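Student: I'd like to ask you about the structure that follows.
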Amino acid sequence: MRNDKTENIIVKKTFNFALQIIDYTEALKEERKYRLADQLFRSGTSIGANVKESQNAESKRDFIHKMKIAAKEADETEYWLELCEASPKYPTNEILLGETRAIIRILSKIISTSKKEFNLKMD
């Protein structure tokens, strides 16, 4: 499944996103917001880890499964960022929230396109 000849935009985007999550969660920890920082760190960095893992999927079905896990982690990340935004005691990061939503849209498109291709092969 792996194709190293071309740049993979979602792999790069989720890697850079994870770096931003690391910085933001460090800022949360400086404000003593440890629990939410830990949850956000786990889900936010897991997106890219699952996308990266999908690049070595054993089958199209496995690829779709790993991308779905990445999408679930992105949804969870969006939730934690929305909590930060809604709480007056937490610093917000609208850029990260926008990036999360963009990643969710990209992952959704990848999943739906992959499912269509998979179903065509199965017919």
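Student: For residue 90, all conditions in the list (1) among the hydroxyl-bearing types (Ser, Thr, Tyr); (2) out of contact with any Ser or Thr (no Cβ under 7 Å at 6 or more places or on another chain); (3) in a helix (DSSP H, G or I); (4) under 29 Å from residue 31 (Cβ atoms) hold save one; what is the number of the exception?
Tutor: If we test residue 90 against (1) among the hydroxyl-bearing types (Ser, Thr, Tyr); (2) out of contact with any Ser or Thr (no Cβ under 7 Å at 6 or more places or on another chain); (3) in a helix (DSSP H, G or I); (4) under 29 Å from residue 31 (Cβ atoms), just (3) comes out false.
Student: Looking at this structure, is residue 113 out of contact with any Gly (no Cβ under 6 Å at 6 or more places or on another chain), surrounded by 13 or more Cβ atoms within 10 Å (Cβ to Cβ) and among the hydroxyl-bearing types (Ser, Thr, Tyr)?
Tutor: no
Student: Working only within segment 11-21, note down all residues that are out of contact with any helix residue (DSSP H, G or I) (no Cβ under 7 Å at 6 or more places or on another chain) and aliphatic (A, V, I, L, M).
Tutor: The one that is out of contact with any helix residue (DSSP H, G or I) (no Cβ under 7 Å at 6 or more places or on another chain) and aliphatic (A, V, I, L, M): 19.
Student: Against the conditions (1) surrounded by 16 or more Cβ atoms within 10 Å (Cβ to Cβ); (2) within 20 Å of residue 78 (Cβ to Cβ); (3) over 15 Å from the mean Cα position of the chain (by Cα); (4) not charged (D, E, K, R), where does residue 27 fall short? Just the number, please.
Tutor: Failed condition: (1).
Student: Looking only at segment 2-48, how many residues end up being in contact with a Lys or Arg (Cβ under 7 Å, 6 or more places away or on another chain) and free of Cβ contacts under 8 Å to residues at least 24 places away in the same chain?
Tutor: Qualifying residue count for the region: 1.
Student: If you don't mind, another one. Here are 81, 36, 40: which of them is more than 25 Å from residue 112 (Cβ to Cβ) and either within 16 Å of the chain's Cα centre (by Cα) or outside any helix (DSSP H, G or I) (or both)?
Tutor: Just one listed residue meets the conditions, 40.
Student: Can residue 93 be described as exposed (fewer than 13 other Cβ atoms within 10 Å of the Cβ), of a type in the set (S, T, N, Q) and either in contact with a Cys (Cβ under 8 Å, 6 or more places away or on another chain) or within 21 Å of residue 110 (Cα to Cα) (or both)?
Tutor: no
Student: Further question: For residue 92, are the conditions met, namely being at pLDDT below 95, over 30 Å from residue 116 (Cα atoms) and more than 11 Å from the chain's Cα centre (by Cα)?
Tutor: Answer is yes for this residue.
Yes/no per residue for (1) out of contact with any Asp or Glu (no Cβ under 9 Å at 6 or more places or on another chain); (2) touching a residue at least 12 places away in the same chain (Cβ under 8 Å):
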residue: 50; (1), (2): no, yes
residue: 65; (1), (2): yes, no
residue: 80; (1), (2): yes, yes
residue: 113; (1), (2): yes, no
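Student: Here is a further query. Which of the residues spanning segment 32-46 are surrounded by fewer than 12 Cβ atoms within 10 Å (Cβ to Cβ) and farther than 16 Å from residue 76 by Cα?
Tutor: 32, 34
Student: Which residues, counting only those in segment 77-90, are buried (at least 17 other Cβ atoms within 10 Å of the Cβ) and either among the acidic types (Asp, Glu) or out of contact with any helix residue (DSSP H, G or I) (no Cβ under 6 Å at 6 or more places or on another chain) (or both)?
Tutor: 78, 84 - these are the residues of segment 77-90 that are buried (at least 17 other Cβ atoms within 10 Å of the Cβ) and either among the acidic types (Asp, Glu) or out of contact with any helix residue (DSSP H, G or I) (no Cβ under 6 Å at 6 or more places or on another chain) (or both).
The values are calculated or read from the model by the stated rules, or taken from the named source; none is laboratory data. The structure displayed is predicted, hence computed values, not measured ones. Note: ideal-geometry Cβ built from the backbone for every residue, glycine included; neighbour counts use all protein chains shown.
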